[in-house]
Amino acid sequence: MFTIAIHGGSCWIDPSEVSSDMEQVFHEALNEALTAGYDILAKGDTALAAVERAVVVLEDNPLFNAARGASFTHNEEHELDAAIMCGKTLKAGSVAGVRNIRNPIVLAKTVMEKTQNVLLIRDGAEAFAREQGIQFEENSYFYNEDRYRELQKAKQADCNCNVGKGTVGAVALDSHGNLAAATSTGGFPNKKYGRVGDSPIIGSGTYANNQACAISCTGEGEYFLRAVAAYDVYCLMEYKGLSLREACELVVQEKIKNTGGKGGLIAVDCHGNAEMVVNCDVLFRAWKNHRGEGSVGIFNS
């Protein structure tokens with residue numbers, strides 16, 4: 001038995017703004033990442049390897065706001081965050097504010113495997129990346145005309161605007177009964193002062209524990225941070241006995257929504273159930289289990 005779910009971020013746009021051709025492009029991109037992770041699980045490999053691989057594929061695709069497709073900061077840089085967690089060992093690794101790293105999720109996993117730390121930031125994380133032979137790219141690799149226009153729009157409005165797809169992630173249960181979660185993001189256009197959201201924070205945007213579930217969140221990070229959203233789903237299952245669906249719905253549709261937050265999450269539990277819950281217009285998402293059951297979706301319907 002195994003299951004994987006992925007997401008390419010949530011956003012709030014009128015579905016009429018997404019053409020049928022663009023919808024097809026996103027479906028193909030989501031399927032590519034889903035298949036990359038699924039094939040690893042089908043060979044009997046680990047959930048940790050599967051979520052890392054799925055997120056790498058999403059990071060390499062400029063359609064999504066992570067790594068190559070990351071938003072521009074106010075200073076016209078790209079500051080990248082990522083986290084990964086193993087549900088068996090409860091070990092985790094994350095990085096925040098790193099620049100020019102081709103795949104931040106690979107660096108996060110290296111932090112987990114090669115250090116006693118959980119979270120490394122900016123210059124220190126980059127120095128560690130160089131020591132470990134992590135791949136860097138020039139600024140031109142991360143340049144995206146659509147993202148640059150998003151920055152100009154945000155600057156003109158003088159705001160931190162979530163006007164694009166934000167964050168990618170993957171969660172999985174492998175055939176050995178182990179869970180894992182991974183999340184990666186490029187933040188949002190025009191972000192300032194080294195802002196960090198929920199994605200690299202274990203328990204807020206990313207969490208995995210074999211006792212219950214694996215979670216990856218997307219949306220307005222400050223709300224997910226305050227709610228400790230990913231860990232809250234786990235706690236509702238572990239301590240209150242809620243089902244995966246009940247716990248996800250309570251966190252996203254009540255706790256997050258009632259405080260004014262928009263976004264969603266994907267989740268897989270220790271029984272192989274998958275849930276994808278969102279309280280805004282769009283969640284780019286897909287899932288598939290060992291029986292071949294699954295779906296790909298974009299709109300909140």
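FYI, it's all coordinate maths here, none of it is from the lab. Small disclaimer: the values here were computed from a predicted structure and weren't measured. Methodologically, a virtual Cβ is constructed for each residue, glycine included, from the backbone with ideal geometry; neighbour enumeration extends over all protein chains shown.
Key figures for this structure:
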| item | result |
| --- | --- |
| Within the stretch 151-241, trypsin sites (Lys or Arg not before Pro) in DSSP loop having at most 15 other beta-carbon neighbours inside 10 Å | LYS192, LYS240 |
| The stretch 110-254 shape via C-alpha gyration tensor axes, a/c threshold 1.5 | oblate |
| Nearest-0.05 FRET efficiency for PHE136 and GLN156, computed from C-beta distance (R0 35 Å) | 0.65 |
| Ranked packing of 95-106, 209-220, most packed first, by mean Cβ within 10 Å | 209-220, 95-106 |
| Within the chain, percent of DSSP bridges classed antiparallel, to nearest 5 | 95 |
| Förster radius 35 Å - calculated FRET efficiency between LYS257 and SER20 (Cβ-Cβ, nearest 0.05) | 0.75 |
| Set of the stretch 194-232 residues, backbone N closer than 11 Å to the point 7 Å along the Cα-Cβ line of LYS240 | 232 |
| Chymotrypsin sites (Phe, Trp or Tyr not before Pro), loop per DSSP, at most 11 other Cβ atoms within 10 Å - longest free stretch of the chain | 1-192 |
| Cα→Cβ-extended label distance, 7 Å offset, between HIS27 and SER295, nm | 1.4 |
| Cross-link pairs LYS88/LYS192; LYS114/LYS257; LYS155/LYS262; LYS43/LYS257; LYS91/LYS255 - those with Cα-Cα distance over 31 Å | LYS88/LYS192; LYS114/LYS257; LYS43/LYS257 |
| Reciprocal of mean inverse Cα separation for the stretch 187-242 (Kirkwood radius, Å) | 11.7 |
| Segment TYR143-ASN75, extension gain: residue separation times 0.36 nm, minus the distance between their alpha carbons | 23.1 nm |
| Trypsin sites (Lys or Arg not before Pro) lying in DSSP loop within the stretch 42-90, provided at most 15 other Cβ fall within 10 Å | LYS43 |
| Computed [θ] at 222 nm, deg cm²/dmol, the chain (DSSP H ≥ 4; -39,500 (n - 2.57); rounded to nearest 500) | -9500 deg cm²/dmol |
| Pair SER175, LYS91: separation of 7 Å Cα→Cβ label points (nm) | 2.3 |
